[in-house]
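To keep things clear, I will list the structure first and then write my remarks on it.
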Amino acid sequence: MKIAILSTNKNLYSTKRLFEAAIKRGHECVILDHKKCYVGIKQGNPSIHYNGQDVSDIDAIIPRIGASVTFYGSAIVRQFEVMGVVSANPSQAITRSRDKLRCMQILSGAGIGLPVTGFAKNTHDVDDLIKMVGGAPLVIKLLEGTQGIGVVLAETKKAASSVIEAFFGLGSNILIQEFIKESKGTDIRVFVVDGKVVGAMKRTAKDGEFRSNLHRGGTAELIKLSKAERETALKAARELGLTVCGVDMLPSDRGPLVLEVNSSPGLEGIEKATGKDVASTVIEYIERQHSIKIQNLRPSRKSSAGHKL
């Protein structure tokens, strides 16, 4: 099988591990910068080109789409899907999860636990917006932010009003979110593949920081999930249609609360914390999906016999 990893940086840990796992399992593997791919849309003959070459011989793709290029990256994934190529995650699920507001709305409608969240466009709504999420302290998030970037903790109502109005003045789209005090600077990352939990870790923020992202100096350790945490993570992935994802949750007095569902979760933290070969698990999932596709393309004996008659 020929597998393409869609990544803008071949030197990233996750990209390298997926490449190594694919080669180790006997597959041909290439890394394609999805920003450099371009599509041909023609009746009955869709195509994708890369560096002047047709790459229509790809059997499966693993999208590693960055938040800043979600629109274009998802379009490339969608083109591969039109061509019948197996994808680790559907393009629609990627765009659904990357839109933080849409993601929260879907999860809320499914009855999944979430921090109380507000969204508005008008500065006249600030006081009621702050009241809606339980008052200060509260968390303010840029809709387009990743890895903890664009996330601010406002400890007083005055500070919250100032930050919100500043973001509104810049024309930025933001979410205002309840601050979960009892989480104490920790969160849980659950890695889900094909409807199963393959690893989980607890991330703890460094001293003086409330964001537990590993990119911001947080630490990670293996954790055993409760039944509620496991079920919440699996339901969140299922509701968004993601088959490979990281579900981030906060422990709270009212149960696990989903913060985000990441369609391109990093492998380094989860592999080091759990000691598991998560990359190979992703490749095994791709193998199963490709095998199902091949089986569905083969005519059954009954249909073949009927054709001969």
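The values are calculated or read from the model by the stated rules, or taken from the named source; none is laboratory data. Everything numeric in this text was worked out from a predicted model, so none of it was measured. With ideal geometry, Cβ positions are generated from the backbone for all residues, glycine too; neighbour counts draw on all protein chains shown.
Brief remarks follow.
- The C-beta contact set for region 138-167 (first residue more than 17 Å from residue 103 (Cβ to Cβ) and of a type in the set (A, V, I, L, M, F, W, C), second residue modelled with pLDDT under 85 and in a loop (DSSP other than H, G, I, E, B), distance under 6 angstrom, 6+ apart or interchain) comprises 153/210.
- Hits in region 43-53 (condition: at pLDDT 95 or above and more than 15 Å from residue 82 (Cα to Cα)): 50
- Of the numbered criteria (1) at positive phi; (2) touching a strand residue (DSSP E or B) at 6+ places or on another chain (Cβ under 7 Å), the one residue 7 fails is (1).
- Residue tally, condition under 17 Å from residue 25 (Cβ atoms) and either hydrophobic (A, V, I, L, M, F, W, C) or buried (at least 18 other Cβ atoms within 10 Å of the Cβ) (or both), over region 267-276: 2
- Boolean, residue 139 is touching a strand residue (DSSP E or B) at 6+ places or on another chain (Cβ under 8 Å), β-branched (Val, Ile, Thr), outside any loop (DSSP other than H, G, I, E, B) and crowded, with 16+ Cβ neighbours inside 10 Å: yes
- Any chance residue 44 is of a type outside the set (S, T, N, Q) and loosely packed, with under 14 Cβ neighbours inside 10 Å: yes
- With respect to the stated conditions, residue 131 is assigned to a helix (DSSP H, G or I) and not polar (S, T, N, Q).
- Note on region 58-74: residues that are in contact with an Asp or Glu (Cβ under 9 Å, 6 or more places away or on another chain) and at pLDDT below 95 amount to 3.
- Scanning region 42-59 for residues that are aliphatic (A, V, I, L, M) and in contact (Cβ under 8 Å) with a residue 40 or more places away in the chain gives 55, 58.
- Elements of type strands (runs of 3 or more DSSP E) contained in region 1-115, each with 1 or more residues being under 20 Å from residue 283 (Cβ atoms): 2-6, 28-32, 60-63
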